[in-house]
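Read through the structure below, which is laid out as structure tokens, and then see the notes.
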Amino acid sequence: MKKSVKSILNGLVVPILIVDGKMRISYMNAASMAHFTNAKADMLMSDIIENQRCLTATKRVLDGDPETQVEVTLQGVVPTSFRVNVAPMTVEAEKDALHAILSFEDISHIREAEQMRHDFVANVSHELRSPLTALVGFIETLQGPAKGDAVAAERFLGMMERESDRMARLIDDLLSLSKLQARERDAPSAVVDIADVINDIVVSLGGSNEHLRERIKVSIVKGETKVIGDKNELGQVFQNLIENAIKYSPDGSDVVVTACAAEKSDEHICVCVTDQGDGIDPVHIPRLTERFYRIDKGRSRAIGGTGLGLAIVKHILIHHRGSLKIKSKLGEGSTFSVYLPAAQTA
Amino acid sequence: MTESAKQLVLVVEDEPAQAELLRYNLEKNGWRVVCVDSGDDALLMYRETMPDLVILDWMLPHLSGIEVCSEIRKNENGAHVPILMLTARGQEEDRLRGIDVGADDFIVKPYSVADLMERVARNLIVN
Ligand SMILES: Nc1ncnc2c1ncn2[C@@H]1O[C@H](COP(=O)(O)OP(=O)(O)OP(=O)(O)O)[C@@H](O)[C@H]1O
Ligand SMILES: [Mg+2]
């Protein structure tokens, strides 16, 4: 093979394999060597690829069939899904003998995305089905067996209200998430003072509940915590984090909100929400921002959670080019730290 | 009704509203009811009360419905107790696995309460 052709093939990130009429490997490009690490020239193709469909497709092409594609999962260093294109080619140096050229397109990320979408749809339908089942059942019961039972009717209506609220909240959160994902590309550009955002949240969370407002201790100096962001979205972030801190810690314990310039970088502002609550087992921490991930489903539901709060936080922070860090110790409490791009103060 | 009035139904359902719905309707039909909200409690309660029928939600935290079902079947007293499983629509594979571990009937959520009560009655009589 010409040197220039080889260097072209080696420049491609797609693994390429050429086999001769006896299905011996006659050429591998660099990407191919990197993937099939145990391969050597002159080996049989079946020595490195055990997948029968891939071998059969190659055999057919060598027997004169036209170009074809197969999708296979190959056990390389890590199992990878490939769409393999198998095309006939002739090699001049070998009197135009028929060879097959295989190119391996990595489609793992597509398969993963499909799997995630599938899981997501399954989760959403489960989360919607539960309240719906209760509503359908209560309606039927009120029309039939409980007709005229005023006490039961009163109780059922209360439950139906809670279940329909739950459906409404779920739909709101899902819409919030999908809007956020659509906006992720364009980072916000307004200057927002975190102190204002937090104060608004504390007022709206506390409402007329003096006791609750007492629990939230904010020590942020107005004017020193300006970030680049979207006021509404940042409000959602801190509302979620402060709500969690309150929900997952004992009644009456303090929730502390602080802000500072991030260590090692004055380009970011770090806002921390610290509670003295249950704490979180380290095994759960990496998964907390997954949609619908809850450590204790019963508890989250009992306090009206959809399990989407931290997923929304995560996406808002992606939108802001910021990040979230979670530190926690079981039994001692948790700190959720939000890093946001600082507004240039000059 | 006089005979079934003594019969006990164990409801394993982690959604409080649905548990309440089942309790009301089963009691209305003259059965006694105990409700638990987890698989672990289901096994404890099963041994303690020896119910005449079990209504078992498929999706439970920790121990799943299928595990509870096969545990009850392994229990020497649980080989013949009717077990009705509550599953989600379109989960055909679930149904097959459920039959494997010995569930007697499947009810798809959202279900009709009247239909569910009929199946409870039918399974109690057969037994
Ligand atoms: N401060 C905290 N302390 C202990 N556990 C927490 C804390 N914050 C979150 N968690 C755990 O993380 C899970 C996911 O939180 P997330 O905010 O996404 O959902 P949620 O609070 O259950 O529902 P939602 O926020 O949608 O109403 C919670 O169910 C809880 O188990
Ligand atoms: Mg939350």
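Overview of values
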{"read-out": "From phi via Karplus (6.51, -1.76, 1.60), per-residue ³J(HN,Hα) for the stretch A:326-337 in Hz, x at Gly/Pro", "value": "10, 10, 7, 9, 3, x, 10, x, 9, 10, 9, 10"}
{"read-out": "Of all accessible heavy-atom area on the stretch B:3-126, the percent that carbon and sulfur account for (1.4 Å)", "value": "50 percent"}
{"read-out": "Neighbour net charge for A:ILE110 - beta-carbon separation under 11 angstrom, K R +1, D E -1", "value": "-2"}
{"read-out": "Sum of side-chain charges, A:ARG215 neighbourhood, beta-carbon under 11 Å (Lys, Arg +1; Asp, Glu -1)", "value": "-3"}
{"read-out": "Per residue value of the accessible surface for the stretch B:3-126 (all protein chains in place, 1.4 Å probe), Å²", "value": "46 Å²"}
{"read-out": "Relative contact order of the stretch A:203-303, pairs being alpha-carbon contacts under 8 Å that are 6 or more residues apart, as %", "value": "24 percent"}
{"read-out": "Sequence of A:THR335, A:THR141 from largest to smallest accessible area, 1.4 Å probe", "value": "A:THR335, A:THR141"}
{"read-out": "Accessible surface, the stretch A:173-306, averaged per residue in Å² (probe 1.4 Å)", "value": "52 Å²"}
{"read-out": "Length-normalised contact order for the stretch A:3-106 - Cα pairs under 8 Å, 6+ apart - percent", "value": "26 percent"}
{"read-out": "Summed buried accessible area for A+B [probe radius 1.4 Å, Å², rounded to 100]", "value": "1800 Å²"}
{"read-out": "Cα-centred dipole magnitude for the protein assembly as shown, charges only on beta-carbon of K, R (+1) and D, E (-1), debye, nearest 20", "value": "900 debye"}
{"read-out": "Shape call, the stretch A:105-198: gyration tensor on alpha carbons, a/c limit 1.5", "value": "oblate"}
{"read-out": "Area of A:THR306 that stays accessible when all protein chains are in place (1.4 Å probe, Å², to 10)", "value": "10 Å²"}
{"read-out": "Shape of the stretch B:1-85, Cα gyration tensor, a/c cut at 1.5", "value": "oblate"}
{"read-out": "In degrees, nearest ten, helix A:231-247 long axis to first principal axis of chain A (Cα)", "value": "70 degrees"}
{"read-out": "Rounded to the nearest 10 Å², the accessible area of A:ILE295 at probe 1.4 Å", "value": "90 Å²"}
{"read-out": "The stretch B:3-126 - percent relative contact order, Cα under 8 Å, separation 6 or more", "value": "23 percent"}
{"read-out": "Rounded to 10°, Cα long-axis angle of helix A:108-143 versus longest principal axis of chain A", "value": "40 degrees"}
{"read-out": "Tail fraction, Cα-Cα pairs, chain A, threshold 27 Å, whole percent", "value": "63 percent"}
{"read-out": "Sorted largest first, extent of the stretch A:187-345 alpha carbons per principal axis (Å)", "value": "45, 34, 26"}
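The values are calculated or read from the model by the stated rules, or taken from the named source; none is laboratory data. Predicted model only: the values in this text are computed from it and were never measured. As a convention, Cβ positions derive from the backbone with ideal geometry for all residues, glycine included, and neighbour counts pool all protein chains shown. Surface areas here come from the heavy atoms of the whole protein model, side chains and all, with no ligands, DNA or RNA. Shrake-Rupley method; radii C 1.70, N 1.55, O 1.52, S 1.80 Å.
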